[in-house]
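Undergrad: Structure provided below as C-alpha coordinates; questions to follow.
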Amino acid sequence: GNSHVDGKYRENVDKGLSWMANRQKSNGNLGWKTFYEQGIATMAICEDVAMTYDNKYRNVGGKAAEHILANMGENGGYGYDGPGNDTSVFGWQIMAIKSAVVAKLFPTFPQAPQARKYLDLSINKDGSTGYRGSGSPKPSMTAIGMFCRIFVGYARNHPEVFKAAGLIYKHGVDVKDEYYTYYSTYCMFQMGGQEWGKWNNKFRDPLIALQEKSGPNKGSW
(Lines give C-alpha, C1' and ligand atoms only; values in the text may rest on other atoms or scores of the structure.)
Protein backbone atom coordinates (compact mmCIF):
# COMPACT_ATOMS: atom_id res chain seq x y z
CA GLY A 1 0.00 0.00 0.00
CA ASN A 2 3.01 2.32 -0.08
CA SER A 3 3.97 4.51 -3.04
CA HIS A 4 6.82 6.96 -3.58
CA VAL A 5 4.40 9.67 -2.37
CA ASP A 6 2.55 8.11 0.56
CA GLY A 7 3.14 5.56 3.28
CA LYS A 8 5.66 4.58 5.93
CA TYR A 9 7.98 3.06 3.30
CA ARG A 10 7.65 5.78 0.66
CA GLU A 11 11.41 6.52 0.76
CA ASN A 12 12.20 2.83 0.22
CA VAL A 13 9.77 2.67 -2.69
CA ASP A 14 11.20 5.84 -4.21
CA LYS A 15 14.76 4.51 -3.99
CA GLY A 16 13.78 1.29 -5.72
CA LEU A 17 11.90 3.08 -8.49
CA SER A 18 14.74 5.57 -8.91
CA TRP A 19 17.27 2.74 -9.26
CA MET A 20 15.18 1.16 -12.01
CA ALA A 21 14.58 4.49 -13.75
CA ASN A 22 18.30 5.27 -13.80
CA ARG A 23 18.98 2.01 -15.65
CA GLN A 24 16.52 2.80 -18.42
CA LYS A 25 17.88 3.25 -21.93
CA SER A 26 16.49 5.59 -24.57
CA ASN A 27 14.37 2.83 -26.12
CA GLY A 28 12.65 2.03 -22.80
CA ASN A 29 14.79 -1.00 -21.97
CA LEU A 30 15.24 -1.17 -18.18
CA GLY A 31 18.57 -2.95 -18.40
CA TRP A 32 17.28 -6.50 -18.39
CA LYS A 33 19.28 -9.70 -18.73
CA THR A 34 16.09 -11.59 -19.59
CA PHE A 35 12.69 -10.19 -20.45
CA TYR A 36 11.38 -11.34 -17.07
CA GLU A 37 13.06 -8.29 -15.54
CA GLN A 38 11.54 -5.91 -18.08
CA GLY A 39 8.03 -7.14 -17.39
CA ILE A 40 8.26 -7.27 -13.60
CA ALA A 41 10.04 -3.90 -13.30
CA THR A 42 7.58 -2.24 -15.68
CA MET A 43 4.70 -3.64 -13.64
CA ALA A 44 6.18 -2.19 -10.43
CA ILE A 45 6.71 1.26 -11.95
CA CYS A 46 3.24 1.38 -13.53
CA GLU A 47 1.59 0.21 -10.31
CA ASP A 48 3.17 3.19 -8.53
CA VAL A 49 1.97 5.56 -11.28
CA ALA A 50 -1.53 4.08 -10.96
CA MET A 51 -1.51 4.63 -7.20
CA THR A 52 -0.30 8.23 -7.34
CA TYR A 53 -0.90 9.65 -10.84
CA ASP A 54 2.28 11.57 -10.04
CA ASN A 55 4.44 12.49 -13.03
CA LYS A 56 7.82 11.54 -11.55
CA TYR A 57 7.85 8.01 -13.01
CA ARG A 58 5.11 8.39 -15.61
CA ASN A 59 7.42 8.71 -18.61
CA VAL A 60 9.62 5.88 -17.31
CA GLY A 61 6.62 3.56 -17.06
CA GLY A 62 5.29 4.58 -20.46
CA LYS A 63 8.61 4.04 -22.24
CA ALA A 64 9.11 0.70 -20.46
CA ALA A 65 5.67 -0.51 -21.54
CA GLU A 66 6.28 0.68 -25.11
CA HIS A 67 9.49 -1.36 -25.14
CA ILE A 68 7.49 -4.46 -24.19
CA LEU A 69 4.96 -3.81 -26.95
CA ALA A 70 7.74 -3.20 -29.50
CA ASN A 71 9.22 -6.62 -28.69
CA MET A 72 6.04 -8.67 -28.94
CA GLY A 73 6.56 -11.55 -31.36
CA GLU A 74 4.63 -11.95 -34.60
CA ASN A 75 2.72 -14.76 -32.89
CA GLY A 76 1.98 -12.46 -29.94
CA GLY A 77 4.43 -14.27 -27.68
CA TYR A 78 7.49 -13.43 -25.62
CA GLY A 79 10.70 -15.18 -24.60
CA TYR A 80 13.85 -14.52 -22.63
CA ASP A 81 15.23 -12.12 -25.25
CA GLY A 82 11.99 -10.39 -26.24
CA PRO A 83 9.87 -12.10 -28.92
CA GLY A 84 9.43 -15.81 -28.26
CA ASN A 85 7.28 -18.72 -27.23
CA ASP A 86 7.37 -18.83 -23.42
CA THR A 87 4.07 -18.63 -21.51
CA SER A 88 5.81 -17.79 -18.23
CA VAL A 89 7.58 -14.75 -19.71
CA PHE A 90 4.45 -13.84 -21.67
CA GLY A 91 2.39 -13.63 -18.48
CA TRP A 92 4.61 -10.99 -16.89
CA GLN A 93 4.46 -8.81 -20.00
CA ILE A 94 0.66 -8.98 -20.06
CA MET A 95 0.58 -8.00 -16.38
CA ALA A 96 2.93 -5.09 -17.06
CA ILE A 97 0.82 -3.83 -19.96
CA LYS A 98 -2.34 -4.19 -17.86
CA SER A 99 -0.71 -2.12 -15.10
CA ALA A 100 0.12 0.52 -17.70
CA VAL A 101 -3.55 0.60 -18.72
CA VAL A 102 -4.62 0.95 -15.06
CA ALA A 103 -2.12 3.83 -14.76
CA LYS A 104 -3.87 5.42 -17.77
CA LEU A 105 -0.70 5.30 -19.86
CA PHE A 106 -2.87 3.66 -22.55
CA PRO A 107 -6.64 4.14 -22.97
CA THR A 108 -7.21 0.45 -23.75
CA PHE A 109 -5.10 -2.71 -23.79
CA PRO A 110 -2.82 -2.18 -26.82
CA GLN A 111 -2.08 -4.97 -29.29
CA ALA A 112 -4.67 -7.22 -27.64
CA PRO A 113 -5.51 -9.02 -30.92
CA GLN A 114 -1.82 -9.86 -31.38
CA ALA A 115 -1.54 -11.16 -27.80
CA ARG A 116 -4.59 -13.33 -28.44
CA LYS A 117 -2.65 -15.08 -31.21
CA TYR A 118 -0.30 -16.59 -28.63
CA LEU A 119 -3.21 -17.48 -26.36
CA ASP A 120 -4.80 -19.33 -29.29
CA LEU A 121 -1.53 -21.17 -29.93
CA SER A 122 -0.98 -22.15 -26.31
CA ILE A 123 -4.35 -23.57 -25.26
CA ASN A 124 -5.38 -27.23 -25.34
CA LYS A 125 -8.87 -28.68 -25.81
CA ASP A 126 -9.27 -29.35 -22.09
CA GLY A 127 -8.60 -25.68 -21.25
CA SER A 128 -5.00 -26.17 -20.11
CA THR A 129 -2.21 -23.88 -21.33
CA GLY A 130 1.23 -25.09 -22.33
CA TYR A 131 4.64 -23.84 -21.23
CA ARG A 132 5.89 -23.41 -24.80
CA GLY A 133 2.92 -23.02 -27.05
CA SER A 134 0.47 -25.80 -26.15
CA GLY A 135 3.22 -28.23 -25.13
CA SER A 136 4.04 -29.27 -21.55
CA PRO A 137 0.88 -27.89 -19.91
CA LYS A 138 1.14 -27.21 -16.20
CA PRO A 139 -1.33 -25.85 -13.62
CA SER A 140 0.78 -22.69 -13.24
CA MET A 141 0.81 -22.11 -17.01
CA THR A 142 -2.94 -22.75 -17.19
CA ALA A 143 -3.43 -20.07 -14.54
CA ILE A 144 -1.24 -17.64 -16.50
CA GLY A 145 -3.20 -18.32 -19.67
CA MET A 146 -6.48 -17.78 -17.84
CA PHE A 147 -5.79 -14.37 -16.35
CA CYS A 148 -4.09 -13.21 -19.56
CA ARG A 149 -7.31 -14.00 -21.41
CA ILE A 150 -9.28 -11.93 -18.92
CA PHE A 151 -6.84 -9.02 -19.22
CA VAL A 152 -7.00 -8.92 -23.03
CA GLY A 153 -10.78 -8.88 -23.00
CA TYR A 154 -12.16 -12.41 -22.75
CA ALA A 155 -15.37 -12.55 -20.69
CA ARG A 156 -15.21 -14.53 -17.45
CA ASN A 157 -17.80 -16.93 -18.85
CA HIS A 158 -15.82 -17.48 -22.06
CA PRO A 159 -15.40 -21.27 -22.57
CA GLU A 160 -11.59 -21.05 -22.49
CA VAL A 161 -11.63 -19.06 -19.24
CA PHE A 162 -14.32 -21.25 -17.69
CA LYS A 163 -12.50 -24.49 -18.55
CA ALA A 164 -9.22 -23.17 -17.15
CA ALA A 165 -10.91 -22.05 -13.93
CA GLY A 166 -12.36 -25.53 -13.53
CA LEU A 167 -8.93 -27.15 -13.93
CA ILE A 168 -7.34 -24.79 -11.41
CA TYR A 169 -10.11 -25.27 -8.89
CA LYS A 170 -9.89 -29.05 -9.31
CA HIS A 171 -6.10 -28.99 -8.86
CA GLY A 172 -6.65 -27.01 -5.69
CA VAL A 173 -4.42 -25.04 -3.37
CA ASP A 174 -0.70 -25.88 -3.21
CA VAL A 175 1.05 -23.25 -1.09
CA LYS A 176 4.43 -25.00 -1.38
CA ASP A 177 4.41 -24.17 -5.09
CA GLU A 178 4.74 -20.39 -4.81
CA TYR A 179 4.61 -19.67 -8.54
CA TYR A 180 1.38 -21.63 -8.95
CA THR A 181 -0.04 -20.10 -5.78
CA TYR A 182 0.58 -16.58 -7.06
CA TYR A 183 -1.14 -17.09 -10.40
CA SER A 184 -3.90 -19.48 -9.33
CA THR A 185 -4.95 -17.10 -6.57
CA TYR A 186 -4.87 -14.22 -9.03
CA CYS A 187 -7.25 -16.23 -11.25
CA MET A 188 -9.65 -17.20 -8.49
CA PHE A 189 -9.81 -13.56 -7.36
CA GLN A 190 -10.67 -12.52 -10.93
CA MET A 191 -13.51 -15.06 -10.99
CA GLY A 192 -14.90 -13.91 -7.65
CA GLY A 193 -18.02 -15.42 -6.10
CA GLN A 194 -18.17 -18.48 -3.88
CA GLU A 195 -15.20 -20.11 -5.60
CA TRP A 196 -12.98 -17.20 -4.60
CA GLY A 197 -14.28 -17.21 -1.04
CA LYS A 198 -13.54 -20.92 -0.65
CA TRP A 199 -10.11 -20.57 -2.27
CA ASN A 200 -9.18 -17.63 -0.06
CA ASN A 201 -10.09 -19.57 3.07
CA LYS A 202 -7.97 -22.54 1.95
CA PHE A 203 -4.78 -20.78 0.86
CA ARG A 204 -4.51 -17.70 3.09
CA ASP A 205 -3.56 -19.05 6.51
CA PRO A 206 -1.34 -21.92 5.25
CA LEU A 207 0.58 -19.46 3.06
CA ILE A 208 1.08 -17.00 5.91
CA ALA A 209 2.27 -19.89 8.10
CA LEU A 210 5.16 -20.46 5.65
CA GLN A 211 6.43 -16.89 6.06
CA GLU A 212 9.85 -16.56 7.68
CA LYS A 213 9.30 -15.66 11.32
CA SER A 214 12.84 -14.69 12.35
CA GLY A 215 16.37 -14.12 11.13
CA PRO A 216 17.64 -11.94 8.26
CA ASN A 217 14.82 -13.09 5.93
CA LYS A 218 12.01 -12.36 8.39
CA GLY A 219 8.79 -11.54 6.54
CA SER A 220 9.82 -13.29 3.32
CA TRP A 221 9.02 -16.69 1.77
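The values are calculated or read from the model by the stated rules, or taken from the named source; none is laboratory data. Because the structure is predicted, anything quoted here is derived from the model rather than measured. Every residue, glycine among them, receives a Cβ derived from its backbone with ideal geometry; neighbour counts consider all protein chains shown. Accessible surface is based on the protein model in full, side chains and every heavy atom, while ligands, DNA and RNA are left aside. Shrake-Rupley method; radii C 1.70, N 1.55, O 1.52, S 1.80 Å.
Undergrad: Where the only charges are on Cβ atoms (+1 Lys, Arg; -1 Asp, Glu), what is the dipole of the chain about its Cα centre, to the nearest 20 debye?
TA: Roughly 160 debye, rounded to the nearest 20.
Undergrad: Using a 1.4 Å probe on the protein chains only, how many percent of the accessible area of the stretch 1-140 belongs to carbon and sulfur?
TA: 50 percent
Undergrad: While we're looking at this one, here's another question. If each of Lys213 and Lys117 carries a label point 7 Å out from its Cα toward its Cβ, how far apart are those two points in nm?
TA: For the pair Lys213/Lys117, the computed spacing is 5.3 nm.
Undergrad: Here is a follow-up. With a sphere of radius 14 Å drawn around the Cβ of Lys125, what net charge do the other residues whose Cβ falls strictly inside it have (Lys, Arg +1; Asp, Glu -1)?
TA: -2
Undergrad: Mind giving me the nanometre distance, one decimal, between the label points for Ile40 and Lys202, set 7 Å out from Cα along Cα→Cβ?
TA: So the two model labels end up 2.7 nm from each other.
Undergrad: Okay, moving on. Can you match volume of the Cα convex hull per residue in Å³ to one of these, (1) 135; (2) 160; (3) 219, based on a calculation from the structure here?
TA: Structure-derived value, by its label: (1).
Undergrad: Modelled label-to-label distance, Lys125 and Asn157, 7 Å Cα→beta-carbon offset: nm?
TA: It works out to 2.6 nm between the two label points.
Undergrad: Further, regarding this structure: Please compute the contact order of the chain in relative form: average sequence separation of alpha-carbon pairs under 8 Å and at least six residues apart, divided by the residue count, as a percent.
TA: Details: 323 pairs, mean separation 27.1, N = 221.
With pairs under 8 Å counted, the relative contact order is 12 percent.
Undergrad: A further question on this structure: Report the local net charge at Ala103: Lys and Arg +1, Asp and Glu -1, summed over other residues whose C-beta lies under 9 Å from its C-beta. Present the calculation step by step, with values, prior to reporting the outcome.
TA: Numbers: positive: Arg58, Lys104; negative: Glu47, Asp48.
In short, 0.
Undergrad: Restrict the search to the stretch 155-214; then list the GluC sites (Glu not before Pro) that DSSP places in a loop and that have at most 12 other Cβ atoms within 10 Å of their Cβ.
TA: Values: sites: Glu160, Glu178, Glu195, Glu212; in loops: Glu212.
Answer by residue number: Glu212.
Undergrad: Next question, about the same structure. Using heavy-atom solvent-accessible surface (probe 1.4 Å) with all chains present, what is the largest-first order of Glu11, Glu74, Glu47?
TA: Descending order: Glu74, Glu11, Glu47.
Undergrad: Ranked from the most accessible area to the least, with a 1.4 Å probe and all protein chains present, what is the order of Trp92, Trp32, Trp199?
TA: Ranked list, largest accessible area first: Trp32, Trp92, Trp199.
Undergrad: OK, next. Rank Thr181, Thr108 by accessible area, highest first, at a 1.4 Å probe radius?
TA: Details: Thr181 10, Thr108 90 Å².
Most to least solvent-accessible, the answer reads Thr108, Thr181.
Undergrad: What is the magnitude of the charge dipole of the stretch 111-221 about its Cα centre, with +1 placed on the Cβ of each Lys and Arg, -1 on the Cβ of each Asp and Glu, and no other charges, expressed in debye to the nearest 20?
TA: 100 debye
Undergrad: For Cα pairs less than 8 Å apart in space and 6+ apart in sequence, what is the mean separation divided by the residue count of the stretch 98-145, i.e. the relative contact order in percent?
TA: 23 percent.
Undergrad: Oh, and also: Past 26 Å, Cα to Cα: identify those pairs from Lys170/Lys213; Lys56/Lys98; Lys8/Lys63; Lys25/Lys104, in the order given.
TA: Beyond 26 Å between Cα atoms: Lys170/Lys213; Lys8/Lys63.
Undergrad: For Tyr179, put the label point 7 Å out on the Cα→Cβ axis and report which residues of the stretch 80-113 keep their amide N under 19 Å from it.
TA: Output list for this probe position: 80-96.
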